[in-house]
Amino acid sequence: MSGEGEFKPFDSGAVPRYQEIATFMRAARAAIAPPLEIALAGVPLDLGATYRVGARHGPAAVREASRLIRQVNPATGVAPFQLCNAADVGDAPTDPLDVVRSVALIQGFFERVHGIGAAPLAIGGDHTVPLPILRAIAKQRPVGLIQFDAHGDVFDDFMGSKINHATFVRRGIEEGLIEPGRSIQIGLRGTRYGSADLDYSRAAGIRVITIDDYEELGRAQVIGAIREAVGSGPAYLTFDVDGLDPSEAPGTGVPEPGGLSMRDSQVMLRGLTGLEIVGGDVCEVAPPLDPSGITCIAAANLMFEILCLIAAARCARRSG
């Protein structure tokens, strides 16, 4: 527990939740420098979105919503801020007029995080965001991918663009950042452009679990499938909030009815404790599309679940 006390979050029993400047889960604000072990970061980019925009406002709104988060996982008992030095390092820089330059800026930011040996955990931003993060952390060693999503994000291009929220998985495989044989996509659904929409995933070796597959298999078998796919190697976890049913996450760019419940998502994520999760993100949170704020609350809780996985993995690595 080398991280205990280094970056202590606010105690909501002593400092009211509505007080002080918002940070992710009321974590301390810190620079990208040792002894930081997990960097909580915003990535306010939505230039890669192809339908409804607004995800650039995701990080700020999720910071506010995450005031609700306490410090101990009720199911696994993981207390991430006691296990690791986790802190909010602010937002990655972006250019609001240029997606290609933004991706380069984001990559540089996460290269700094990776350079000090810290793991990234980001709130997007649209689903372009994982690509620059993977470029920063997986150039020397590719990672498995755990992707909760309504869409496969494996298009070669969209509207003539190679870099957008519908292409990051294909780019990651082409660039040798993602090991497709150690990757899995969960919750894919919705109408398609054609019958070949998921052919790339399957041909590359990714395990595809559509929402229909999920309902047939059930949570326990899907957890087992994820663990089997990833194995004992490093993996990156990305959760597009459109993987959730729009009744629980209406504030997203491309909502698809018939999705995962928040409860099912929590159970699945908790079932992955012990995997070597080396980074993650929650993307496609578009607060202007959800005046109720429920999408941001869901995203904050998903972020906490992923933080628990990363913290447990780093603690196990230290102990081993």
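The values are calculated or read from the model by the stated rules, or taken from the named source; none is laboratory data. What you see is a predicted model, and the numbers here were worked out from it, not measured in a lab. So basically every Cβ, Gly included, is an ideal-geometry build from the backbone, and we count neighbours across all protein chains shown. We work out accessible area using only protein heavy atoms, side chains counted, and drop any ligands, DNA or RNA first. Shrake-Rupley method; radii C 1.70, N 1.55, O 1.52, S 1.80 Å.
Condition first: among the β-branched types (Val, Ile, Thr) and farther than 26 Å from Ala313 by Cα. Can you find one or more residues in region 186-202 that meet it? Yes - at least one qualifying residue is present in region 186-202. Among residues of region 12-24 being out of contact with any Leu (no Cβ under 9 Å at 6 or more places or on another chain) and in contact (Cβ under 8 Å) with a residue 40 or more places away in the chain, the one that is least open to solvent (accessible area, probe 1.4 Å) is Ala22. A search for C-beta distances below 8 Å between a residue of region 63-74 that is open to solvent by 30 Å² or more (accessible area, probe 1.4 Å) and any residue that is among the aromatic types (Phe, Trp, Tyr) and outside any loop (DSSP other than H, G, I, E, B), counting only pairs 6+ apart in sequence or on different chains, returns Gln71/Phe81. Report whether or not Asp199 is crowded, with 16+ Cβ neighbours inside 10 Å and either farther than 15 Å from Gln147 by Cα or over 20 Å from the mean Cα position of the chain (by Cα) (or both). Criteria not met by Asp199. Could you please let me know if Arg192 is in a helix (DSSP H, G or I) and surrounded by fewer than 22 Cβ atoms within 10 Å (Cβ to Cβ)? Judged against the criteria, Arg192 is not a match. The numbered conditions (1) farther than 25 Å from Ile173 by Cα; (2) in contact with a helix residue (DSSP H, G or I) (Cβ under 7 Å, 6 or more places away or on another chain); (3) open to solvent by 30 Å² or more (accessible area, probe 1.4 Å) are all true for Arg207 except (1). Restricting attention to region 229-266, the residues that are acidic (Asp, Glu) and in a helix (DSSP H, G or I) total 2.
If you go through region 170-185 one residue at a time, do you hit one that is assigned to a strand (DSSP E or B) and in contact with an Asp or Glu (Cβ under 8 Å, 6 or more places away or on another chain)? Looking through region 170-185, at least one residue is assigned to a strand (DSSP E or B) and in contact with an Asp or Glu (Cβ under 8 Å, 6 or more places away or on another chain).
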